[in-house]
Amino acid sequence: MQVAPGVGAFATDLPTRSEQATLCIEMATPRCLLLNTTYEPLQVITWQRAVSMLYLGKVELVRAYNRVLRAVSWTVEQPAVVKLVRFVRRQKVRISFSRRNVFLRDGFRCQYCGVQLPAQELTCDHVLPRSQGGSSSWENLVTACGPCNRRKGSRTPEQARMNLYKEPRRPERLPSSPMRYGDPPDLWRDFLF
């Protein structure tokens, strides 16, 4: 092994700039799931914030990635899931009205025939059709499959002789959506419901 003058024998063991950049990206990528004291998911935070909260004693480590972080006087496993030490009361959040949230409220299930489908194959149906003065609101929109929506047409469910599985209403909260967490790591799966 040839070594440049003035450079130590271990200089070739150091990572190149591109390897350093890759290492930095890998270190920044892992996210951390923040849980309330009741193990209810609150939000996704960066692993750096989770380490800061661990150091300050605000959270406890529940699950960790297979990586150890070292400082001069402190060593900690890289957090994957942390739990708050003190209970945080969640503020009531007014759920925004959107097509996706209507699907989540109805469990991606047609409210006329009961079949569960992916979002791409579902439509939103106005219970009281817009042609009869119906509005686009939580209380008037339901999830429907294409065939049921076409069968109902611009009639009310009574006129079309179709029954709703449940009356539409504004939800207090929505079930957790996989989309909310992106592609969650396996270490989170036990805590997402």
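Checking the range 99-107 against the condition returns a match, with at least one residue being assigned to a loop (DSSP other than H, G, I, E, B) and either at pLDDT below 95 or not β-branched (Val, Ile, Thr) (or both). Inside the range 115-138, residues that are aliphatic (A, V, I, L, M) and part of a strand (DSSP E or B) make up a count of 1. Scanning the range 53-73 for residues that are more than 15 Å from PRO30 (Cα to Cα) and polar (S, T, N, Q) gives a single hit, SER73. Every condition in (1) surrounded by fewer than 18 Cβ atoms within 10 Å (Cβ to Cβ); (2) outside any helix (DSSP H, G or I) is met by TYR112 except one, and the failing one is (1). Of everything in the range 43-92 that's among the basic types (Lys, Arg) and under 21 Å from the mean Cα position of the chain (by Cα), which residue is surrounded by the fewest Cβ atoms within 10 Å (Cβ to Cβ)? Among those residues, the one meeting the criterion is ARG89. Determine if the range 21-36 includes at least one residue that is in a helix (DSSP H, G or I), modelled with pLDDT under 90 and among the hydroxyl-bearing types (Ser, Thr, Tyr). Yes: one or more hits.
Quick check: is even one residue across the range 83-92 within 30 Å of ASP125 (Cβ to Cβ) and either modelled with pLDDT under 90 or in the same structural domain as GLN120 (by TED's automatic domain parsing) (or both)? Yes. Criterion applied to GLU77, GLU60 was being at pLDDT 95 or above, among the acidic types (Asp, Glu) and under 25 Å from TRP188 (Cβ atoms), and the one residue passing it is GLU60. Considering the conditions (1) more than 16 Å from LEU187 (Cβ to Cβ); (2) modelled with pLDDT of 90 or more, ILE45 is excluded by exactly one of them, (1). On the stretch given as the range 86-114, residues that are in contact with a strand residue (DSSP E or B) (Cβ under 6 Å, 6 or more places away or on another chain) and among the hydrophobic types (A, V, I, L, M, F, W, C) total 4.
The values are calculated or read from the model by the stated rules, or taken from the named source; none is laboratory data. Because the structure is predicted, anything quoted here is derived from the model rather than measured. Backbone-built Cβ (ideal geometry, glycine too); neighbour counts: all protein chains shown.
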